[in-house]
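Notes for the one structure printed next.
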Amino acid sequence: MATLTPHPFAFPDAALADLKARLAATRWPERETVDGWQQGAPLDRVQALCEHWRDRHDWRACEARLNALNPCMTAIDGLDIHFLHVRSPEPDAMPLILTHGWPGSVIEFLETVGPLSDPRTYGGDPRDAFHVVIPSLPGFGLSGKPREAGWNVERIACAWITLMKRLGYDRFMAQGGDWGSAVTNAIGASGDAAVLGIHLNMVVAGPAEDQLGDLTAAEKAAIAAGHYYQEWGNGYAVLQSTRPQTIGYALTDSPVGQAAWIYEKFGDWTDHGAGDGAGAPEAAVSVDRMLDNITLYWLTATAASSARLYWESFRTFAGDPVKIPVGCSIFPREIMRPSRRWAERRYPQIVHWGEPARGGHFAAFEQPALFVDEVRATRRALP
């Protein structure tokens, strides 16, 4: 019988003291030569973020919230996998595995766990209840750091199916965005009979050649956003998919470097009311919640190990078609915003198509209530 053991978040005081000392000793670069975020996260914004991190952020409060969600560890395929596991009080709850991405973590889902697992308490329908499982990807959070190549998206998907069965769930639903979308896609494409359906809040799908002649305005905007991302927004991905070890030295040694590397993505990918350019991510996700997430990367020293997932799987991110039921939610500030007809080429059995009014790439972080609604709608639509 495989072992499942409690494994709380418990970083020593010395690690937090070291973080504050490093922040106080930062050697800053000069200011950018343009206004705004065109050259990356602006100096004054990063300085303000890190001053808050040093003087006012409370990691212990986040640690307590995480530890209230039954953090556990188990070994799968030779690697320690850390996960949160909240069983619903409802006897007919649907098992659900949620997968985060980069630069996210299990912290993204904290506001959604209660409504998902116990809708009755949160004013919802108890028939919408889920048993919630939230693992940390290999090389992220408290999960083990792979010591050999090969931990690609498909291998992670197999590990997640094993995890759900080990927890006693012989039928379940899977959900994900960003790398979680790729892992969830692979779970859906696995052919395993335990997988009832999947929900994606980042849908990777493009037009067929014969669809390019009659593009809608929304489709033209989606193509333009894709071009913008390729030209201006994916430098981080090129670096992490080619030289994860090299960037790991800088980010593992400098908390300001780690913070700016992640903060810039929150600036570019959240729905903060500043159009398509980076702006005020704090309008979408509070500074303390962003710092909770950044702190987890810092305390676990996972800059290099998390980046290696890009080296393993970025070139094959789109994955295989999924024939089982799929729910798709296209949030308005997502990086990729395909039309339904594009998505149907990869997902012939779309049972829910949602286009929420607000939200971006970090949907559960930014709009937890809308995110929960979309997951519930997918569950209701399953055959």
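The values are calculated or read from the model by the stated rules, or taken from the named source; none is laboratory data. Small disclaimer: the values here were computed from a predicted structure and weren't measured. Don't worry about glycine lacking a Cβ; one is built from the backbone with ideal geometry, like all the others, and counts go over all protein chains shown. Surface areas here come from the heavy atoms of the whole protein model, side chains and all, with no ligands, DNA or RNA. Shrake-Rupley method; radii C 1.70, N 1.55, O 1.52, S 1.80 Å.
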Across Phe331, Phe362, Phe11, the residue with the highest GNM fluctuation in the chain (Cα network, 10 Å cutoff) is Phe11
Return the single residue from Gly123, Gly141, Gly354 with maximal mean-square fluctuation; model: Gaussian network over the chain, springs between Cα atoms under 10 Å.
Gly123
Please report the spacing between the Cα centers of the range 322-364 and the range 146-197 in Å, no decimals.
19
If you count only protein heavy atoms and use a 1.4 Å probe, how large is the accessible surface of Ser286, to the nearest 10 Å²?
50
Calculated from DSSP H runs of 4 or more alone, at -39500 (n - 2.57) each and per residue, what is the 222 nm mean residue ellipticity of the chain, nearest 500?
-12500 deg cm²/dmol
Within-14-Å neighbourhood charge of Ala343 [Cβ basis; K, R +1; D, E -1]:
+2
Along each of its three principal axes, how wide is the spread of alpha-carbon positions in the range 152-311, in whole angstrom units, largest first?
47, 45, 31
With the convex hull built on the Cα atoms of the range 165-259, state its orientation-averaged projected area in nm².
10.1
In the Gaussian network model of the chain, springs joining C-alpha atoms below 10 Å, which of Pro281, Pro12, Pro325 carries the largest mean-square fluctuation?
Pro12
Which GluC sites (Glu not before Pro) from the range 274-373 combine a DSSP loop assignment with at most 16 other Cβ atoms within 10 Å?
Glu344
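Write down the percent of antiparallel bridges among all DSSP beta bridges whose residues are both part of the chain, to the nearest 5. Write down the numbers at each step before the final one.
On the way: 12 of 33 bridges.
DSSP beta bridges in the chain are roughly 35 percent antiparallel.
Taking all pairs of different Cα atoms in the range 1-106, averaging 1/r and flipping that mean, what Kirkwood radius in angstroms comes out?
Working: mean 1/r = 0.0562 Å⁻¹.
Radius from the Kirkwood sum: 17.8 Å.
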In whole percent, and with a 1.4 Å probe on the protein chains, what portion of the accessible area of the range 172-243 is carbon and sulfur?
57
What translational diffusion coefficient, to the nearest whole µm²/s, does the range 44-99 have by Stokes-Einstein, given a Kirkwood radius computed over alpha-carbon pairs, a temperature of 37 °C and 0.692 mPa s viscosity?
223
Note down the accessible area of Lys20, probe 1.4 Å, to the nearest 10 Å².
90
How would Thr33, Thr216, Thr295 rank on accessible area, largest to smallest, probe 1.4 Å?
Thr33, Thr216, Thr295
Per-residue SASA entry for Val204, accessible area with 1.4 Å probe, Å² rounded to 10
30
What do you get for trypsin sites (Lys or Arg not before Pro) in the range 36-144 restricted to DSSP loop and a cutoff of at most 13 other Cβ within 10 Å of the site's Cβ?
Arg56
Here the equivalent ellipsoid of the range 273-336, derived from its Cα gyration tensor, has semi-axes (largest first, whole Å) of 26, 22, 12
